[in-house]
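Asker: Sharing a structure here in structure tokens format.
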Amino acid sequence: GEQEAALRTLIAAGSAAQLPPGQLDLRSQLSQESPAGVSVVTPAEPVRLGRAAAQETALAVRAALDNVRQHCGPTAKAWVLVEDEGSQVTVTIRDDGPGIPAGRLAEAAADGRLGVSQAIRGRIRDLGGSAEIVSRPGTGTEVVLRIPRRLDVPSPRPMT
């Protein structure tokens, strides 16, 4: 599994040099972060996004995978599917865990645990996209991120 992840990273990195300034290949961002037990499936061609959008999307995916590890245990499996649909990019994260009981996400947010509402939904919302979470106890969880393609959006400037 580690060799596969390393090979994916190497292949994705080879195409990064061909991108215009300010753009990143989402494949390389996600391949760098795929731990054991996670299968990442991407198109063969670069999935180009503006730098900020690619980085924020990768962080949202990492937050979803962190939730899998935290709530499903070390033997849980997860799959990340990246689809380049022209005007938008869709990233789907699925797991084989126990699922989320109804009302649990709202309860967590009310208790001040904002991982899903901010680290996932908030990041994607700030990019102009959407995040949908589908889960029922016993069926695992599916997180669908839809990110509009805006290649010309500059990275946010640091606050001074």
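Asker: Kindly report, to the nearest 10 Å², the accessible surface of residue 24 as traced by a 1.4 Å probe over protein heavy atoms only.
Answerer: Roughly 30 Å² of residue 24 is accessible to a 1.4 Å probe.
Asker: Right, here's the next one. Go through 135, 87, 130 and list them by solvent-accessible area, largest first, probe radius 1.4 Å. The partial results should precede the final answer.
Answerer: Details: 135 30, 87 90, 130 55 Å².
Descending order: 87, 130, 135.
Asker: For a quick check of understanding: with a 1.4 angstrom probe and all protein chains in place, what accessible area in square angstrom does residue 121 have, to the nearest ten?
Answerer: Surface accessible to solvent at residue 121 totals approximately 80 Å².
Asker: In whole Hz and in residue order, list the ³J(HN,Hα) couplings for segment 119-132 that follow from phi through the Karplus curve 6.51 cos²θ - 1.76 cosθ + 1.60, θ = phi - 60°; x for Gly and Pro.
Answerer: Running phi through 6.51 cos²θ - 1.76 cosθ + 1.60 with θ = phi - 60° gives 5, 10, 4, x, 4, 6, 4, 5, 8, x, x, 9, 10, 10 Hz.
Asker: Suppose accessible area is computed on protein heavy atoms with a 1.4 Å probe; arrange 132, 56 from highest to lowest.
Answerer: On the way: 132 85, 56 60 Å².
Reading off the accessible areas and sorting them downward yields 132, 56.
Asker: For a quick check of understanding: with a 1.4 angstrom probe and all protein chains in place, what accessible area in square angstrom does residue 45 have, to the nearest ten?
Answerer: Surface open to solvent at residue 45 totals about 130 Å².
The values are calculated or read from the model by the stated rules, or taken from the named source; none is laboratory data. What you see is a predicted model, and the numbers here were worked out from it, not measured in a lab. Ligands, DNA and RNA are excluded from the accessible area calculation, which covers all protein heavy atoms including side chains. Shrake-Rupley method; radii C 1.70, N 1.55, O 1.52, S 1.80 Å.
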